[in-house]
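Engineer: Take a look at the following structure, please.
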Amino acid sequence: MSVLALVPAAGDGVRLGAGVPKALVRLGGVPLVVRAVDGLLASEAVQAIVVAVRAVDLAVVRELLAGRCGQIEVIVGGADRSSSVRAALWYGLHRFPATRTVLVHDAARALTPPGMIASLVAAVEAGWSAVVPVLPLADTVKELNPVGVVLGTVDRSVLRAVQTPQAFEVSLVRRAYGLAESDPGASAVTDDAGLVERLGEPVHTVPGDPLAFKITTPWDLRVAELVVGST
Ligand code: CTP
Ligand code: MG
């Protein structure tokens, strides 16, 4: 067992406002968490998956994911995304001790192409200890002062938007999440690679994909429905 994927899916989906947790929202009839897991399996690069969900959704998600090939475990997540990832990580490393590479994904990035997932695993296997998928920014980016007046235009050529899965060599992600427990600055970190950056370790990049966008708002879900309907 070498590649373990963590799928935090314990959020409420407040911004989507669907009345059910986002992971259970159906897209083309298939819940987002099921699409995310099936995308990981379709990459053929992942051997084990730990999904973190709200306690009340444990039974229903286990039922939804039953019968798939591959090792899939569903556990209870935490109060925020990083708590859910941490719970899944500690559980997964205990349950799958032969893990060499860890992918940290989002259930909300339900349309992530399997080929992109495979490219992240390949980059870790090629020797990079931390790898994230990135996209260039299409819009011009401005820096503002606190009352919304433009201070200047940022050079967007050096900026990238970051997606998931993010891929890590196992000892590095273990160290990053272990140290984060006693690092007050870690709470401001907004992605998993950010914890690796706090260790001073390099983070490599591979090309992301527009299909790996995070379904956050009703607009995003509408876009996702159009994508699914057109494929
Ligand atoms: N997540 C999680 N545990 C939490 C909060 C979020 O596992 N306590 C997961 C979500 O289920 C999602 C991913 O982290 O797959 C990214 O979070 P986000 O897009 O913010 O989802 P929600 O937190 O569900 O949405 P919102 O912030 O609008 O409530
Ligand atoms: Mg959230």
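None of the figures in this text is laboratory data; all of them are computed from the coordinates on show. This is a predicted model, so every value here is computed, not measured. Cβ coordinates were reconstructed from backbone atoms using ideal geometry, including for glycine residues, and neighbour counts include every protein chain displayed.
Engineer: Restricting to the range 124-151, and then to whatever is surrounded by 10 or more Cβ atoms within 10 Å (Cβ to Cβ) and free of Cβ contacts under 8 Å to residues at least 40 places away in the same chain, can you tell me which residue is farthest from L40 (Cα to Cα)? Full working, then the answer.
Structural biologist: The initial filter retains those residues of the range 124-151 that are surrounded by 10 or more Cβ atoms within 10 Å (Cβ to Cβ), namely 124-125, 128-137, 141-142, 144.
Narrowing the set further to residues that are free of Cβ contacts under 8 Å to residues at least 40 places away in the same chain leaves 125, 136-137, 141-142, 144.
Working: E125: 17, P136: 24, L137: 26, V141: 33, K142: 36, L144: 39 Å.
Looking at residues that are surrounded by 10 or more Cβ atoms within 10 Å (Cβ to Cβ) and free of Cβ contacts under 8 Å to residues at least 40 places away in the same chain, I get L144.
Engineer: For the range 24-32, check the following and say yes or no: at least one residue is crowded, with 18+ Cβ neighbours inside 10 Å, part of a loop (DSSP other than H, G, I, E, B), within 16 Å of ligand 2 (Cβ to nearest atom) and over 16 Å from the mean Cα position of the chain (by Cα).
Structural biologist: Scanning the range 24-32 turns up at least one residue that is crowded, with 18+ Cβ neighbours inside 10 Å, part of a loop (DSSP other than H, G, I, E, B), within 16 Å of ligand 2 (Cβ to nearest atom) and over 16 Å from the mean Cα position of the chain (by Cα).
Engineer: Here is a further query. Within the range 181-231, can you find the residues that are under 16 Å from A130 (Cα atoms), hydrophobic (A, V, I, L, M, F, W, C) and not in a loop (DSSP other than H, G, I, E, B)?
Structural biologist: Answer for the range 181-231, where residues must be under 16 Å from A130 (Cα atoms), hydrophobic (A, V, I, L, M, F, W, C) and not in a loop (DSSP other than H, G, I, E, B): A193, L195, V196, V206.
Engineer: Same structure, new question: Give the residues of the range 121-155 that are within 24 Å of the chain's Cα centre (by Cα) and not in a strand (DSSP E or B), sorted by residue number. Let's see the steps before the verdict.
Structural biologist: The first filter runs over the range 121-155 and keeps only residues within 24 Å of the chain's Cα centre (by Cα), leaving 121-139.
Those that are within 24 Å of the chain's Cα centre (by Cα) and not in a strand (DSSP E or B): V121, A122, A123, V124, E125, A126, G127, W128, S129, L137, A138, D139.
Engineer: Now a separate question. Answer yes or no as to whether T216 is surrounded by 12 or more Cβ atoms within 10 Å (Cβ to Cβ), touching a strand residue (DSSP E or B) at 6+ places or on another chain (Cβ under 7 Å), hydroxyl-bearing (S, T, Y) and in contact (Cβ under 8 Å) with a residue 40 or more places away in the chain.
Structural biologist: On the way: surrounded by 12 or more Cβ atoms within 10 Å (Cβ to Cβ): yes; touching a strand residue (DSSP E or B) at 6+ places or on another chain (Cβ under 7 Å): no; hydroxyl-bearing (S, T, Y): yes; in contact (Cβ under 8 Å) with a residue 40 or more places away in the chain: yes.
Considered against the rule, which asks whether it is surrounded by 12 or more Cβ atoms within 10 Å (Cβ to Cβ), touching a strand residue (DSSP E or B) at 6+ places or on another chain (Cβ under 7 Å), hydroxyl-bearing (S, T, Y) and in contact (Cβ under 8 Å) with a residue 40 or more places away in the chain, T216 comes out as no.
Engineer: Could you list, ordered by first residue, the pairs with Cβ atoms under 9 Å in which the first is in the range 64-86 and under 20 Å from S2 (Cβ atoms) and near ligand 1 (Cβ under 10 Å from one of its atoms) and the second is part of a strand (DSSP E or B) and of a type outside the set (A, V, I, L, M, F, W, C), at least 6 apart or interchain?
Structural biologist: V85/P8
Engineer: S82 - would you say it is surrounded by fewer than 23 Cβ atoms within 10 Å (Cβ to Cβ), polar (S, T, N, Q), within 16 Å of ligand 2 (Cβ to nearest atom) and within 17 Å of the chain's Cα centre (by Cα)? Walk me through it before giving the result.
Structural biologist: On the way: surrounded by fewer than 23 Cβ atoms within 10 Å (Cβ to Cβ): yes; polar (S, T, N, Q): yes; within 16 Å of ligand 2 (Cβ to nearest atom): yes; within 17 Å of the chain's Cα centre (by Cα): yes.
Criteria met by S82.
Engineer: Give the number of residues within the range 69-118 that are among the hydroxyl-bearing types (S, T, Y), assigned to a loop (DSSP other than H, G, I, E, B) and within 24 Å of G13 (Cα to Cα).
Structural biologist: Narrowing the range 69-118 to residues among the hydroxyl-bearing types (S, T, Y): 82-84, 91, 99, 101, 112.
Those left that are additionally assigned to a loop (DSSP other than H, G, I, E, B): 99, 112.
Subset that is within 24 Å of G13 (Cα to Cα): 112.
The qualifying residues number 1.
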